[in-house]
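The values are calculated or read from the model by the stated rules, or taken from the named source; none is laboratory data. Since this is a predicted model, take the numbers as computed values, not measurements. Backbone-built Cβ (ideal geometry, glycine too); neighbour counts: all protein chains shown.
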Amino acid sequence: MSYKILENKTTADVTMTSVYVKCLKALMAENPAITQIESDLGNSLLGGAAIKEIKAEFPKQFVDCGIQEANMIGVACGMSLTGRIPFAHSFAAFVSRRATDQAFISGAYAGSNVRIVGTDPGVSAQLNGGTHMPFEDVAIFRAFPNMTVIEPSDPVMLEDLMGKLAANYGMYYLRLFRKNALKIYEEGSTFEIGKANLLREGKDLTIITAGAVMMPEVLKAADDLAAEGIETRILDMFTIKPIDADAILAAAAVTGAIVTAENHNVINGLGSAVTDVLMTKGDRFVPVEMIGVQDKFGQVGPLAYLKEAYHLTAADIVEAAKKAVARKH
Amino acid sequence: MNSEEKIRLQNFAIDIREKIIYQMSSLGSGHLGGNLSIADIVAVLYGSEMKYDPADPKSEERDILVCSKGHAGPCLYSALALKGFFPMERLDTLNRGGTDLPSHCDRLHVPGIEMTTGSLGQGFSAACGMALASKLDGNPRTVYCIIGDGESQEGQIWEAVLFAKHQELDNLILFVDYNKAQLDGLTKDICDMGDYVDKFHAFGWHTAEIDGHDVVAIKTAIDAAKADKTGRPHVIVCNTIKGYGVSFTKPDSCHHVTFTPELTEQCMRELEASRPTA
């Protein structure tokens, strides 16, 4: 693990999906076992041009099942047990809710080796609205033994993690924002699955977050808090399971207050994972405020509107941070 | 098939049935009906058709069987133990706490079991994935799968039926254990599946319908399926009787059975008496 934080963080000039495609093609060229499996959302993740290229260059490494998420996960598990290394994709809402039992039994319980890729996490489903808006996918997969849950925060991290996902054996859920994310890591940074990254040091509280949707809000909130004299530590908890308990406990010990910020229901997502650690392993009371969807369904709207509607903005985080600090003893 | 081979396979099927009864009766109960109904199919697969090496159960050369109706684990376990995949004594441990022989098929615990099944409809998709990967990788193996007729009420089965045809999985042979019964009663009274052969035919599959307790018919249908390389997956609809082989079972009420020592003795006596003579 060797990562560096960029001084000037700007929106990446590449989409997360273009990074995914670049990495996938490189991995396919390296290893003929790498297989992309789609359920009719290949155009959303890879794009038509990339699908054509992949089909031409790696015709035995791309399968489109059609609109059948349950069968797709089963097929991916079967392929993995005969030597393939599948990446199986659908929207996060469908690959979690529609194929839960397939991922559980044929996947995790059976000891299969599949990277389940769920795109458009949380409010990033935007105009597709409530039917496509997963606020519970992390909760679902977090409850599976043998399942690793990862939400990369920027394209540099995604690039590094793709190689690790291809090399490791097991069941993974990759919660993937598709668009241009804020670039926060220096090119060439490497990451360790299961270890949180320290993005900013601060003594008054810690914000624990994951994913590209919340990251810009968290970073802005920390700047705003600093302007008011509140120094914030930030942890990028991109591995939501297994969660980095040591980083959480150290943050609690040093800063004494925690805010979690997630693009997901606060029930059984990142916030719950953090409080599980604090309540069962901590040696003191630490106030926690949870930013996230407060047990609501999704709805249509552009990203900025939805962040306001579900109180996921930097201003919401600042308010939560002040509450957490005020609750410190 | 010569008569000697036929008798050998019929005896192997009876051996399997006896080991099924043995596992369940020593435990006290089990999913008897759906285990007995596939014993002849499993006997032909492990006794004649499948390539496998008990000393190297993951060999690249092997054929693969996925039993999607996961509750028929004891039937496969009988065949695997009889063929030396693990010591016969393991059959004494079915479903005991901490066992390496859970009654629903479990690939992580039982050598020779290719897929963990039990949530119905799922094993067949995995078998399709295995057949597809084998085909893409140029592995000449055959992938076999057994589903129940009740199981095929699951929508996922029909997703996979579509998928297998589209992917031209002619290395895949599916057996439907058409025993006409499910847990709650007769399939026709619960959710009638109609004509299986017509359904698979409409999906573009190569179809056959046979007596699923006739080892010669089973072997003949498998050989015909293997010979047909026209891009169509193969289904062999096996007319079977739930609980076949012993007299006390009634198809609509033998999904799960409790054993007494007397009942076990009666079953074993009947099975021995049914052994073929040259």
For this session: Considering only the range B:176-192, state which residues are out of contact with any Lys or Arg (no Cβ under 9 Å at 6 or more places or on another chain) and part of a loop (DSSP other than H, G, I, E, B).
Result: B:Leu183, B:Asp184, B:Cys191, B:Asp192
Seminar exercise, completed: The condition from (1) surrounded by fewer than 17 Cβ atoms within 10 Å (Cβ to Cβ); (2) of a type in the set (Lys, Arg); (3) farther than 17 Å from B:Asp177 by Cα that B:Lys250 misses is numbered (3)
For this session: With the condition kept exactly as written, say whether any residue in the range B:44-62 is in a loop (DSSP other than H, G, I, E, B), touching a residue at least 40 places away in the same chain (Cβ under 8 Å) and farther than 20 Å from A:Gly78 by Cβ.
Result: yes
For this session: Please identify the pairs in which a residue from the range A:49-73 that is among the basic types (Lys, Arg) has its Cβ atom under 8 Å from the Cβ atom of a residue that is at pLDDT 95 or above and surrounded by fewer than 18 Cβ atoms within 10 Å (Cβ to Cβ), counting only partners at least 6 apart or on another chain.
Result: A:Lys60/A:Pro32; A:Lys60/B:Asp137
Problem set entry | Tally of residues being crowded, with 24+ Cβ neighbours inside 10 Å, within 13 Å of A:Thr82 (Cβ to Cβ) and of a type outside the set (S, T, N, Q) across the range B:131-148 | 4
For this session: Would you point out the residue of the range B:113-130, among those that are crowded, with 24+ Cβ neighbours inside 10 Å, in a loop (DSSP other than H, G, I, E, B) and polar (S, T, N, Q), that is farthest from the other protein chains (Cβ to nearest Cβ)?
Result: B:Thr117
Exercise. Can you spot a residue in the range B:174-195 that is in contact with a Ser or Thr (Cβ under 6 Å, 6 or more places away or on another chain), surrounded by 14 or more Cβ atoms within 10 Å (Cβ to Cβ), of a type in the set (S, T, N, Q) and closer than 18 Å to B:Thr240 by Cα?
Worked result: yes
Exercise. Does any residue of the range B:244-260 turn out to be charged (D, E, K, R) and free of Cβ contacts under 8 Å to residues at least 40 places away in the same chain?
Worked result: yes
For this session: Working carefully through the options B:Asp40, B:Asp106, find the one that is under 24 Å from B:His255 (Cα atoms) and within 14 Å of chain A (Cβ to nearest Cβ).
Result: B:Asp106
For this session: Take A:Gly163 and decide whether it is away from chain B (no Cβ under 14 Å) and within 30 Å of A:Glu308 (Cβ to Cβ).
Result: no
For this session: Taking B:Lys135 as the residue in question, decide whether it is more than 10 Å from chain A (Cβ to nearest Cβ) and farther than 28 Å from B:Gly33 by Cα.
Result: no
Problem set entry | Check on A:Ser112, away from chain B (no Cβ under 14 Å), touching a residue at least 24 places away in the same chain (Cβ under 8 Å) and either buried (at least 24 other Cβ atoms within 10 Å of the Cβ) or not in a strand (DSSP E or B) (or both) | no
Exercise. Do you know which residues across the range B:25-40 are part of a helix (DSSP H, G or I), under 17 Å from the mean Cα position of the chain (by Cα) and under 21 Å from B:Phe86 (Cβ atoms)?
Worked result: B:Asn35, B:Ala39
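Going through A:Gln36, A:Gln61, A:Gln102 one at a time, which residue ends up being crowded, with 24+ Cβ neighbours inside 10 Å, within 14 Å of chain B (Cβ to nearest Cβ) and closer than 21 Å to A:Phe177 by Cβ? Steps first, please.
Values: A:Gln61 fails: closer than 21 Å to A:Phe177 by Cβ; A:Gln102 fails: closer than 21 Å to A:Phe177 by Cβ.
Answer to the check: A:Gln36.
Can you confirm whether B:Gly98 is within 14 Å of chain A (Cβ to nearest Cβ) and either of a type outside the set (Phe, Trp, Tyr) or in a loop (DSSP other than H, G, I, E, B) (or both)?
no
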For this session: May I ask you to list the residues in the range B:141-168 that are farther than 29 Å from B:Tyr244 by Cβ and either away from chain A (no Cβ under 13 Å) or in contact with a Leu (Cβ under 9 Å, 6 or more places away or on another chain) (or both)?
Result: B:Phe163, B:Gln167
Seminar exercise, completed: Selection from the range B:184-193 of residues more than 19 Å from the chain's Cα centre (by Cα) and either within 17 Å of B:Ile241 (Cα to Cα) or among the aliphatic types (A, V, I, L, M) (or both) yields B:Asp184, B:Gly185, B:Leu186, B:Lys188, B:Asp189, B:Ile190, B:Asp192, B:Met193
Seminar exercise, completed: Checked A:Thr148, A:Thr206, A:Thr131 against criteria (part of a helix (DSSP H, G or I) and either aromatic (Phe, Trp, Tyr) or at pLDDT 95 or above (or both)); the one match is A:Thr131
For this session: For B:Val216, work out the one condition from (1) at pLDDT 95 or above; (2) aliphatic (A, V, I, L, M); (3) surrounded by fewer than 16 Cβ atoms within 10 Å (Cβ to Cβ) it doesn't fulfil.
Result: (3)
Problem set entry | Matching residues, the range A:66-90, being among the small types (Gly, Ala, Ser), within 7 Å of chain B (Cβ to nearest Cβ) and either buried (at least 24 other Cβ atoms within 10 Å of the Cβ) or within 19 Å of B:Cys67 (Cβ to Cβ) (or both) | A:Ala70, A:Gly74, A:Ala76, A:Gly78
Exercise. Name the pairs whose Cβ atoms lie under 8 Å apart, with the first residue in the range A:200-214 and in contact (Cβ under 8 Å) with a residue 12 or more places away in the chain, the second buried (at least 24 other Cβ atoms within 10 Å of the Cβ) and basic (Lys, Arg), and 6 or more positions between them or separate chains?
Worked result: A:Gly211/A:Arg175
For this session: Mind counting the residues in the range B:225-243 that are within 22 Å of B:Asp195 (Cβ to Cβ) and under 19 Å from the mean Cα position of the chain (by Cα)?
Result: 11
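Yes/no matrix, rows are residues, columns are (1) farther than 23 Å from B:Ile16 by Cα; (2) without any contact (Cβ under 8 Å) to a residue 12 or more places away in the chain; (3) not in a strand (DSSP E or B):
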site: B:Ser152; (1), (2), (3): yes, no, yes
site: B:Glu159; (1), (2), (3): yes, no, yes
site: B:Leu174; (1), (2), (3): no, no, no
site: B:Gly194; (1), (2), (3): yes, yes, yes
site: B:Val197; (1), (2), (3): yes, no, yes
site: B:His201; (1), (2), (3): yes, yes, yes
site: B:Ile210; (1), (2), (3): no, no, no
site: B:His213; (1), (2), (3): no, no, yes
site: B:Ala217; (1), (2), (3): no, yes, yes
